[in-house]
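One structure is given below, encoded as structure tokens.
All of the numbers you see were taken from the coordinates with simple rules; none came from a lab. In this text the structure is predicted, and so the values were computed from the model without any measurement. All Cβ positions, glycine included, derive from the backbone under ideal geometry; neighbour counts span all protein chains shown.
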Amino acid sequence: MSDKYDVVVIGAGPGGYVAAIRAAQLGLKTACVEKWISKEGKPVLGGTCLNVGCIPSKALLEASHKYHEAKHDFADLGIEAKDVKMDVKKMVARKDKIVTQLTGGIAMLFKANGVTAYEGTGKLQAGKKVEVTSHDGKTQTIEAENVIIASGSVPVEIPSAPLTEGVIVDSTGALEITETPKRMGVIGGGVIGLELGSVWKRLGSEVTVFEAMDSFLAAVDQQIAKDVKKSMTKQGLEIELGARVTSTEIKGKEVEVTYTDSKGEHKKTFDKLVVCVGRKPYTQGVLADDSGVSLDERGFIFVDDQCRTEAPGVYAIGDVVRGPMLAHKASEEGIMVADIIAGHKPEMNYDAIPNVIYTFPEVAWVGKTEEELKASGTPYKSGVFPFSAIGRAMANNCTEGMVKILAHEETDRVLGMHIFGQNAGEMIHNGVIALEFASSAEDLALTCFAHPTLSEAVHEAALAVDGHAIHMA
Ligand code: FAD
């Protein structure tokens, strides 16, 4: 087989593997280079998302939620569940099984679609050549008409809390814990910190979350964020805002954390400390000096709106470029770029990318927050409807939260949807489609929603935009 391709993709995360499959489906001769090695030393596809991100974290969130629900909430439903126990090792083994199943599935999809997989590290050189160094150190060069870089991101490390085997871990280490720690500290009150903190809190750890910013979930609509904070605190997560971790000291199997806040300096001791302060683009070893691709001031590969780098025929997608670090954003960019290469004219709507925090209840949003609309001087109106007035939420024993819709004051066009509640991550697609189709709030209000469902809160919030919710006095 010749080593010249129409498309070579570097990285097989949700950006790269989706781009490769789409390109092959469009009739392009496609290869994908991936360097990831599993704990067992086997090459694996799927990147951060499938191996140490979205999927394993959701497996632990689901298991810990079910355990917590059985232990604390089943009695409300008349179910007696005495002596409910969690086998943490089994929970982690189940998570590993799901990961193996899904990553193996991608290898099968590659085969079925005719994508050639190269195991090793890819480095882009001048002239769209990719040097592949396999795991045994052998190198070969493959040529391409087009190259897509999808090398992803890695966790940010901080000098005040250097990773220390078994005690101070990053998000990847937190997914491998096999015994519930008595006391867990989490540095970073963002999406990943709250999700991982929730898992271990539900399993019985005392969890403290240190967030350096004074506001909680600053990117979230603050009316929603206020409710989320109340709920997380009620669940027992101790959330320290404006708390900056300045140093850590390992003392045997424990770690002492020193942090400062507006009241001064404090110390707290934990059995495990999880560092979740964000992720940074990964470009180490990906670009030869003469590749023609440049980085921006924050280390992301510099691209235009359609993911073109400065080197002709070279694209970059996913976490390694600007925009939210989300699996579905990476995949959509992969599809867009494959379509461009095949001669189509796709565009991606960056204003309609949903965000979800998979706590319980979930937090989900798309489009603008009220704070953003105020800051930009956009005239808007808002409709809010609480789940406490939704029959299905009562039947489900979860009436926390609300749906909030923001629409343009004059045109009525939906500008944002914000949901805090059970299954918010599923319901938010009402908002994604509304934004994508440029719907008005009235369009949503005139749509027939099934009863009894949680999505009726979206319908009612849309009605409330003009002050006419049905089930609200
Ligand atoms: P990655 O998934 O990071 O994949 C990049 C791939 O490139 C890797 O496999 C890497 O080995 C490979 N690579 C790098 N350099 C080379 C090279 N030179 N040669 C060959 N291969 C190379 N996002 C969501 O949307 N929803 C979630 O619920 C969610 N949960 C998360 C939970 C956690 C704990 C974490 C850490 C992340 C989570 N994310 C979530 C974020 C999501 O995982 C990323 O946004 C997504 O994986 C980015 O996809 P990507 O393809 O750009 O990069």
task: Identify, among V191, V275, G204, the residue whose Cα sits farthest towards the positive end of the charge dipole of segment 168-277, taking +1 on the Cβ of Lys and Arg and -1 on the Cβ of Asp and Glu, with the dipole about the Cα centre.
output: G204
message: Placing unit charges on C-beta atoms (Lys and Arg positive, Asp and Glu negative, everything else neutral), compute the dipole magnitude of segment 1-41 about its Cα centre in debye, rounded to 20.
response: 60 debye
- prompt: What's the extension gain from K82 to T133 if we count 0.36 nm per residue and subtract their Cα-Cα distance?
  reply: 12.8 nm
query: Between the DSSP loop rule and a limit of at most 14 other Cβ atoms within 10 Å, which GluC sites (Glu not before Pro) in segment 78-156 are left?
result: E80
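With a sphere of radius 14 Å drawn around the Cβ of T164, what net charge do the other residues whose Cβ falls strictly inside it have (Lys, Arg +1; Asp, Glu -1)?
-4
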task: Take each uninterrupted DSSP H stretch in the chain, measure its Cα extent along the helix axis, and return the ones at 20 Å or beyond whose mean Kyte-Doolittle hydropathy is at least -1.0.
output: 54-72, 88-113, 327-341
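Where does each of M394, M402 land when they are ranked from fewest to most other beta-carbon atoms within 10 angstrom?
Least to most surrounded, the residues fall as M394, M402.
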- prompt: Taking H as built 1.01 Å from N, whose amide H comes closer than 5 Å to the amide H of C32, not counting residues under 5 places away?
  reply: V9, T116, A117, Y118
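Peptides 82-95, 311-324, 266-279: what's the order by average Cβ count within 10 Å, highest mean first?
Working: 82-95: 13.2, 311-324: 23.1, 266-279: 20.2.
So the order, starting with the most tightly packed, is 311-324, 266-279, 82-95.
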- line: Here segment 416-427 yields Karplus 3J(HN,Hα) values (6.51, -1.76, 1.60; θ = phi - 60°; whole Hz; Gly and Pro given as x) of x, 9, 9, 10, 10, x, 4, 6, 4, x, 7, 5
19 Å tail of the calculated P(r), segment 355-466, as % of Cα pairs: 38 percent
field: Peptides 327-334, 231-238 ordered by average Cβ neighbours within 10 Å, highest first
entry: 327-334, 231-238
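May I have the convex hull volume per residue, in Å³, for the Cα set of the chain?
174 Å³
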message: In whole Hz and in residue order, list the ³J(HN,Hα) couplings for segment 347-364 that follow from phi through the Karplus curve 6.51 cos²θ - 1.76 cosθ + 1.60, θ = phi - 60°; x for Gly and Pro.
response: 9, 10, 8, 5, 7, 10, 9, x, 10, 9, 10, 8, 7, 10, x, 7, 10, 9
message: Taking amide H atoms as placed 1.01 Å from N in the peptide plane, list the residues 5 or more away in sequence, or in a different chain, whose amide H sits under 5 Å from that of E206.
response: R183, M184
statement: Karplus-derived 3J(HN,Hα) from phi for segment 378-383 (6.51 cos²θ - 1.76 cosθ + 1.60, θ = phi - 60°), whole Hz, x at Gly and Pro, runs 7, x, 9, 10, 9, x
message: Using the crude model of +1 on Lys and Arg Cβ and -1 on Asp and Glu Cβ, and no other charge, please compute the dipole size for the chain relative to its Cα centre, in debye to 20.
response: 1320 debye
query: Under 5 Å between amide H atoms, partner at least 5 residues away or on a different chain: which partners does R322 have, H built in plane at 1.01 Å?
result: V303
- prompt: At a Förster radius of 56 Å, what calculated FRET efficiency corresponds to the Cβ-Cβ distance of S388 and E40, to the nearest 0.05?
  reply: 0.70
